[in-house]
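A.B. asks: Here it is, the structure, as structure tokens.
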Amino acid sequence: ANGYYYSRWNKCIHSSRDFSDMVFIDNYIFNKDVYIQFNSTVGEYVGYTEHGVFNAKNWNNNPGQLQQERAELERYCKYNAEIKQSAIADKS
């Protein structure tokens, strides 16, 4: 029970059928607290703790890492949402 807890949790949120309002959020969590987050609406990392602010500054200065994270909205979110939406639409 003693020790450290780390996880990375991401999600895609949308309410429109055309995915025009879709947002990709990627959370980095330590001991159940988000310490850094990427939000596609913001377009960069935001730190919520001293360690998170330090990492956000470094990661935001890495163009390759930012480009990859920004691309997740299309590559991961919209791609999978289209598959799920077509599967649901085919059943109705």
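A.B. asks: Can you find even one residue in segment 32-39 that is touching a strand residue (DSSP E or B) at 6+ places or on another chain (Cβ under 6 Å), touching a residue at least 12 places away in the same chain (Cβ under 8 Å) and charged (D, E, K, R)?
C.D. replies: Looking through segment 32-39, none of the residues is touching a strand residue (DSSP E or B) at 6+ places or on another chain (Cβ under 6 Å), touching a residue at least 12 places away in the same chain (Cβ under 8 Å) and charged (D, E, K, R).
A.B. asks: Considering only segment 15-29, state which residues are modelled with pLDDT under 95 and either among the hydrophobic types (A, V, I, L, M, F, W, C) or surrounded by 17 or more Cβ atoms within 10 Å (Cβ to Cβ) (or both).
C.D. replies: Within segment 15-29, Phe19 is the sole residue that qualifies.
A.B. asks: Identify all residues within segment 42-89 that are modelled with pLDDT of 95 or more, among the acidic types (Asp, Glu), in a helix (DSSP H, G or I) and surrounded by 11 or more Cβ atoms within 10 Å (Cβ to Cβ); write none if there are none.
C.D. replies: Selection gives Glu69, Glu72.
Residue-wise test of (1) free of Cβ contacts under 8 Å to residues at least 24 places away in the same chain; (2) of a type in the set (Val, Ile, Thr).
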residue	(1), (2)
Thr49	yes, yes
Ala56	yes, no
Asn62	yes, no
Tyr76	no, no
Ile83	yes, yes
Ser86	yes, no
Ala89	yes, no
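The values are calculated or read from the model by the stated rules, or taken from the named source; none is laboratory data. Just so it is clear, the model here is predicted, and its values are computed rather than measured. Ideal geometry is used to build each Cβ from the backbone, glycine not excepted, and the neighbour counts take in all protein chains shown.
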